[in-house]
């Protein structure tokens, strides 16, 4: 069976779905069995943040891989990966709101205003919420494709915010190795999109010029 046919197999999406839930299952099991180390709250917060960035990278990697490998069927997994990104960022937000702030809205507001890395992370979470809420076919039809596509380009703002949040969080420990890895991956994925945009724009210029010089009848 070729890779293209395997990606179209009815079991492909359920397998990806189960794989996406495995990190959550491990964290849930670890919390129940007290296997999350000396500081379970910090472990949960850090792990859910890491998995948010990983799924964000996977989501943004779908289109370049689809084009480079000539596998259009990869596109059918992009929505699921994007929703997993939101699932883990919601868990990340929940860990902060629960363990750090005790769901005290006043204290949460003060923490957001006081600490820049919390502000940036919260901004990314807020911007990601409408993308998750409109990731369904009904939303595309209701909004219209152009407006839907314009809204979902917010991911190009969210990705740098995620890296900045991670950078400031690790700055306290002067540990930037993982930050550099994620930043490099996202730079490549976003850079590919910039290159494709410029390539399409350059290709459109001769066509526009030819249309402008076409003799009138």
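The values are calculated or read from the model by the stated rules, or taken from the named source; none is laboratory data. None of these values were measured; they are calculated from a predicted model. We place every Cβ from the backbone using ideal geometry, glycine too, and count neighbours over all the protein chains shown.
Values as computed for the structure displayed
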{"item": "Hey, residue 78 surrounded by fewer than 13 Cβ atoms within 10 Å (Cβ to Cβ), free of Cβ contacts under 8 Å to residues at least 40 places away in the same chain and either part of a helix (DSSP H, G or I) or more than 17 Å from the chain's Cα centre (by Cα) (or both) or not", "result": "no"}
{"item": "Residue in the range 90-103 that is over 23 Å from residue 182 (Cβ atoms), touching a residue at least 24 places away in the same chain (Cβ under 8 Å), in a helix (DSSP H, G or I) and touching a helix residue (DSSP H, G or I) at 6+ places or on another chain (Cβ under 6 Å) present", "result": "yes"}
{"item": "Single unsatisfied condition, residue 37 versus (1) within 28 Å of residue 185 (Cα to Cα); (2) touching a helix residue (DSSP H, G or I) at 6+ places or on another chain (Cβ under 6 Å)", "result": "(1)"}
{"item": "Check on residue 152, surrounded by 17 or more Cβ atoms within 10 Å (Cβ to Cβ) and either within 29 Å of residue 194 (Cβ to Cβ) or touching a helix residue (DSSP H, G or I) at 6+ places or on another chain (Cβ under 6 Å) (or both)", "result": "no"}
{"item": "Residue 141 being free of Cβ contacts under 8 Å to residues at least 60 places away in the same chain, closer than 30 Å to residue 173 by Cβ, over 14 Å from the mean Cα position of the chain (by Cα) and surrounded by fewer than 17 Cβ atoms within 10 Å (Cβ to Cβ)", "result": "no"}
{"item": "Out of 59, 52, sole residue that is in contact with a helix residue (DSSP H, G or I) (Cβ under 6 Å, 6 or more places away or on another chain), touching a residue at least 12 places away in the same chain (Cβ under 8 Å) and within 17 Å of residue 100 (Cβ to Cβ)", "result": "52"}
{"item": "The range 4-20, subset out of contact with any helix residue (DSSP H, G or I) (no Cβ under 8 Å at 6 or more places or on another chain) and assigned to a helix (DSSP H, G or I), residue nearest to residue 68 (Cα to Cα)", "result": "5"}
{"item": "Checklist (1) modelled with pLDDT under 95; (2) over 19 Å from residue 195 (Cβ atoms) applied to residue 68, failing item", "result": "(2)"}
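Conditions (1) over 27 Å from residue 96 (Cα atoms); (2) part of a helix (DSSP H, G or I); (3) touching a helix residue (DSSP H, G or I) at 6+ places or on another chain (Cβ under 9 Å); (4) modelled with pLDDT of 90 or more, marked per residue:
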{"residue": "124", "(1), (2), (3), (4)": "no, yes, yes, yes"}
{"residue": "127", "(1), (2), (3), (4)": "no, yes, yes, yes"}
{"residue": "135", "(1), (2), (3), (4)": "no, no, yes, yes"}
{"residue": "167", "(1), (2), (3), (4)": "no, yes, yes, yes"}
{"residue": "181", "(1), (2), (3), (4)": "no, yes, no, yes"}
{"residue": "193", "(1), (2), (3), (4)": "yes, yes, yes, yes"}
